[in-house]
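Notes for the one structure printed next.
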Amino acid sequence: MSNNPIGKRVDILDKGWIELVDMMPHPDTDIEGDLAIVNAARVSFLGESKGAERDKKLLFYLLRNRHTSPFEMVEFKFRVRAPLVTWWQWVRHRTWNLNAQCLDGDTEIIFNKPRSVRIGQHKVGSKIALKELYQRWQEPHKRKRIKEMYLRSVNEDTMLLDSAHIGNVVHAGTKHGFRIIMENDKEIICSADHRFLFEDGWKTLKDATNLELIAKRAVYSPDLPKLYMNGKPLETKNLYDNYDWLKYQYHTRQLSIKQVAELAKCSTHTIRKYLKKHNLTLRERSREARFKKGNIAWNKGKSYSLNETPQQKLERSIRARDSVKRGEESNFWRGGVTETRQLIGEWTTRNAKFVFERDNYTCAYCGCSQEQEPTLNAHHIVPVWANAEIATNLDNLVTVHETCHRHIHANHLEREFADHLQKNQDLPFDINFTTPDKMDRYASLKLINSHATPHLVQIKKIEYVGEREMYDIVVDGDYPNFVANWFVVHNSGRYTPFEENDFYVPDIWRKQSKDNKQASEGQVTTDANIELTEKLIQHYEEGFKLYTEALEAGVSKEMARLFLPGFSVYYTWVTKIDAHNLMHFLRLRMASDAQYEIRVYADAIYEHFFKPALPWTAEAFEEYALNPK
């Protein structure tokens, strides 16, 4: 498809919407949806075509003669937000899969220690089997405790371990289970459509490995990919020097160098340097940023003049000069170099050789000798700007290598290094200083290095383990993922908790149909429409007030919701369906006698997603199903 519709959202009713989350075949592949259907009918592969005209004729033949199984090769996954009155109609179509991705009941869910989370770290705490977690969730007093626990997750922006909370635990029924075995011998059992964080982003196990179940055996591609697993401590001082982190941000997320630099808290020059160091530069992206050969600069051959007289030019020059801030008023003022400061620098240079000899030409920071790195510097333990009175005291100088000296100042480690020296030797002066205007950045660097980042591990093999009892978790957090059996897995997202004060208010009130007890027709008078709307809103407000009073009385949410007008509350869920069953749904719900609240959703699916993705199928569907002759 020329335009990728994944992520497109269409607003419906007053507060509802529908969004395409994923589809198969994926729009970025070379195989169009219509061609996938035709190839399934021919039992051919690799997107081979026999010409557009013959392909289209075959597709029309399939639909005309109700050979519909090839249409199951195309699947759509949607995220829907609709009032419960619509959801109730929707779930009557059992071909919609509301349990899209599941994990085995024996899967261990990882939680972080509360104390470590509060100090900015995320150390492993409890591990609870998913089946046991579901059982606890059914008991209100235990559910409250589980909601307060810190579920281990991954911040998908920084790619560091983080914490979230559980929004719901759901029993998804029995499904085919597949065991993923990794090179590090970690295992997990899941459904084929569960999503993992692979090297190239979120994908289902089926899509990433071409997994199929044939004769009760798992069949998959020989070149198995890598996927992200639970974090390990950073092996490098800075994020930008971590290969996996840098590759995820620049390759997988396709962030710009500037965006990566902002996440790593460094300059764009540093990111370019480490992309080159780790051989992660992308030539195609570098070429895009360059000025392309053959293009003409927008200002080539152009010039301009202010048409000023010599006197006006002189006056403008004087105004510009006077407007420049100098000295302490300048944005670039760093205290300047006074005569005293210059003398201190000269004194330090003259006496450095005595400091080197005293310290036996050994770096106090790394412990290496001059033979290993010949260039030595004399470092002020208490910086000159912190206390100029002891700047010319030899006891305030210590020997360090030039690279160590640069590292200390570049990372603002002056106080940390001074504290280290104070512990190992008695200094004849007090260390009482902080790095002004730099501590925040230093603290953030220290915080980052106290975290861990997920790492890539190779899949060894996949096994079919038969039908298993499966469960889902809904994550209540900024990022839809969590850590299970040490794998980074996607939040099931079956549905999200609804907002209790979010109701559907119709634009018009329809009359009851005279011929059909289950249908409506026409609308009431304008005055009646206004009056009914006002009464409905008043009803909502009164119900929500009673709901709030019940909560204040200590009633649980699940019971307090009995006061709410249930059919009108907005609800969000994720569901998927194949093209064959979707056409059956559309044929019934796009009909003129279908309930309006679900008909508008069916119309949106057809016009914005089905028709653009499957133009030939849509044409045949209109001819043989919607408007049969």
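The values are calculated or read from the model by the stated rules, or taken from the named source; none is laboratory data. Note that the structure is a prediction, hence the values are computed from the model and not measured. Cβ: placed from backbone, ideal geometry, glycine included. Neighbour counts: every protein chain shown. Keep in mind that these areas ignore ligands, DNA and RNA; they rest on the heavy atoms of the full protein, side chains included. Shrake-Rupley method; radii C 1.70, N 1.55, O 1.52, S 1.80 Å.
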Charge dipole (debye, nearest 20) of region 135-196; +1 at Cβ of Lys and Arg, -1 at Cβ of Asp and Glu: 500 debye
Top positive-direction residue, dipole computed over the chain with Cβ charges, set Gly173, Tyr240, Ser568: Tyr240
Virtual spin-label span in nm between Glu72 and Arg253, 7 Å along Cα→Cβ: 4.0 nm
Carbon and sulfur %, accessible surface of the chain computed with the full protein complex present, 1.4 Å: 48 percent
Asp28 versus Arg92: modelled label distance in nm, points set 7 Å from Cα along the beta carbon direction: 4.0 nm
Region 158-267 - charge dipole about Cα centre, Lys and Arg +1 at Cβ, Asp and Glu -1, debye rounded to 20: 200 debye
Violating pairs (Cα-Cα greater than 21 angstrom) within the set Lys226/Lys247; Lys127/Lys460; Lys203/Lys276; Lys226/Lys460; Lys186/Lys461: Lys127/Lys460; Lys203/Lys276
On Cα atoms only, tilt of 268-277 relative to the major axis of the chain in degrees: 80 degrees
FRET efficiency, Glu357 to Asn279 (Cβ-Cβ, R0 41 Å, nearest 0.05): 0.40
Accessible surface, per residue, of the chain when the full set of protein chains is kept, probe 1.4 Å, Å²: 58 Å²
Farthest positive-ward along region 388-436 dipole, Cα basis, beta-carbon charges - from Asn424, Thr403, Thr434: Thr403
Degrees separating the helix 310-323 axis from the principal Cα axis of the chain, which is the longest one: 90 degrees
Positive-end residue, the chain charge dipole about Cα centroid, Cβ charges, pick of Thr526, Leu626, Ser126: Leu626
Pair Ser592, Leu421: separation of 7 Å Cα→Cβ label points (nm): 9.0 nm
Option label - semi-axes √(5λ) of the Cα gyration tensor in Å computed here, alternatives [x] 59, 32, 31; [y] 68, 29, 22; [z] 82, 45, 18: [x]
In region 497-598, trypsin sites (Lys or Arg not before Pro) in a DSSP loop with at most 11 other beta-carbon atoms within 10 Å: Lys514, Lys517
Computed FRET value (nearest 0.05) for Cys366 with Ile128, which takes r as the C-beta separation and R₀ as 30 Å: 0.10
Theoretical gain in end-to-end length, Thr268 to Glu212 [0.36 nm per residue, Cα-Cα removed]: 15.7 nm
In degrees, nearest ten, helix 526-552 long axis to first principal axis of the chain (Cα): 60 degrees
Net charge dipole size for the chain [Lys, Arg +1 and Asp, Glu -1 on Cβ; Debye, nearest 20]: 1220 debye
